[in-house]
Amino acid sequence: MHVIVVGCGRLGSELAVDLDAAGHTVAVIDKNRNAFQRYLPERWAGRAVLGFGFDRDRLEQAEIGKADALAAVTGGDNSNIMTARIARETYEVPNVVARIQDPRRATIYQRLGVPTVASVAWATDQVRRRLTPDARTVEWTDANGAVTMIEVSLPQTWAGHKLTPLSNGDQYRLAVVSRNGVGRLDTGDVVGQEGDVLHMMVQRDARAEFEAVIEAGPERGGH
């Protein structure tokens with residue numbers, strides 16, 4: 001597929017090189033000519049376009065008309081959002097993502113249908129997970145905020161017990177168990193082990209019920 005990467009910093013260049021290595025055609029747009037020389041390999045097989053990602057002439061030069069995906073990953077939130085919206089709404093690029101430094105704004109744009117990656121929020125989550133392993137970390141939220149995926153460190157009370165009670169119809173459901181760094185989708189009869197990390201899909205209105213069940217333990221948390 002053809003991918004456009006807007007922003008040739010460390011993130012954008014690494015993304016572009018990885019996509020190129022995977023066999024995709026890639027065009028990189030950046031306003032700074034030196035960025036291409038600094039971050040792209042000498043034998044860069046893709047296209048380098050000098051200019052702003054929200055400039056339609058530059059997007060046309062990057063062949064947005066045949067693009068399957070676009071990533072706006074410059075250091076400016078406004079530029080990234082503008083670029084992402086033009087790609088999505090004007091050129092109807094099917095896969096678009098924008099990098100947003102401010103996690104509060106990222107949530108707003110996510111609910112407006114603009115997929116975003118909040119780098120600050122990601123880094124904060126990684127630190128917080130290690131400082132407070134008992135905390136519930138939100139990994140994903142749908143555009144309407146109705147369903148979330150949360151990461152939960154398995155309480156010790158559940159070790160050695162089946163995790164079946166942690167699924168309740170369409171209210172909350174155990175989606176993946178990560179054990180020793182390996183994810184497992186077949187969670188039907190899985191027995192919890194110390195150190196397990198659970199990835200739960202939870203309806204917004206059922207969050208409190210799920211929290212009560214997992215905190216109560218397997219003896220009182222069953223249905």
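The values are calculated or read from the model by the stated rules, or taken from the named source; none is laboratory data. Just so it is clear, the structure is predicted and the values come from calculations on it, not from any experiment. Ideal geometry is used to build each Cβ from the backbone, glycine not excepted, and the neighbour counts take in all protein chains shown.
Points to keep in mind about this one:
- Checked against the criterion of being among the polar types (S, T, N, Q), buried (at least 20 other Cβ atoms within 10 Å of the Cβ) and assigned by TED's automatic domain parsing to the domain that holds Pro115, the candidates Thr25, Thr83 yield just one match: Thr83.
- Hey, Arg104 surrounded by fewer than 18 Cβ atoms within 10 Å (Cβ to Cβ), assigned to a loop (DSSP other than H, G, I, E, B) and free of Cβ contacts under 8 Å to residues at least 24 places away in the same chain or not: no
- If you filter the range 1-26 down to residues that are part of a strand (DSSP E or B) and within 22 Å of the chain's Cα centre (by Cα), you find that the one that is nearest to Ala69 (Cα to Cα) is Val3.
- Sole exception among (1) among the hydroxyl-bearing types (Ser, Thr, Tyr); (2) in contact with a Gly (Cβ under 7 Å, 6 or more places away or on another chain); (3) at pLDDT below 75 for Thr124, by number: (2)
- Just one of the listed residues (Phe36, Phe52) is out of contact with any Gly (no Cβ under 9 Å at 6 or more places or on another chain), within 16 Å of Ala87 (Cα to Cα) and either touching a residue at least 12 places away in the same chain (Cβ under 8 Å) or not in a helix (DSSP H, G or I) (or both), and it is Phe52.
- For the range 55-80, the candidate set comprises residues that are more than 16 Å from the chain's Cα centre (by Cα), outside any helix (DSSP H, G or I) and of a type outside the set (Ser, Thr, Tyr); within that set, the residue that is surrounded by the most Cβ atoms within 10 Å (Cβ to Cβ) is Ala62.
- Within the range 195-223, if we keep just the residues that are assigned to a loop (DSSP other than H, G, I, E, B) and within 27 Å of the chain's Cα centre (by Cα), the residue that is modelled with the highest pLDDT turns out to be Asp196.
- In the range 151-178, the residues that are at pLDDT below 90 and surrounded by 15 or more Cβ atoms within 10 Å (Cβ to Cβ): Glu151, Val152, Ser153, Leu154, Pro155, Ser178
- If you go through the range 146-161 and keep only what is assigned to a loop (DSSP other than H, G, I, E, B) and aliphatic (A, V, I, L, M), you end up with Ala146, Leu154, Ala159.
- Qualifying residue in the range 96-106 (condition: closer than 30 Å to Gly195 by Cα, at pLDDT below 85 and touching a helix residue (DSSP H, G or I) at 6+ places or on another chain (Cβ under 9 Å)): yes
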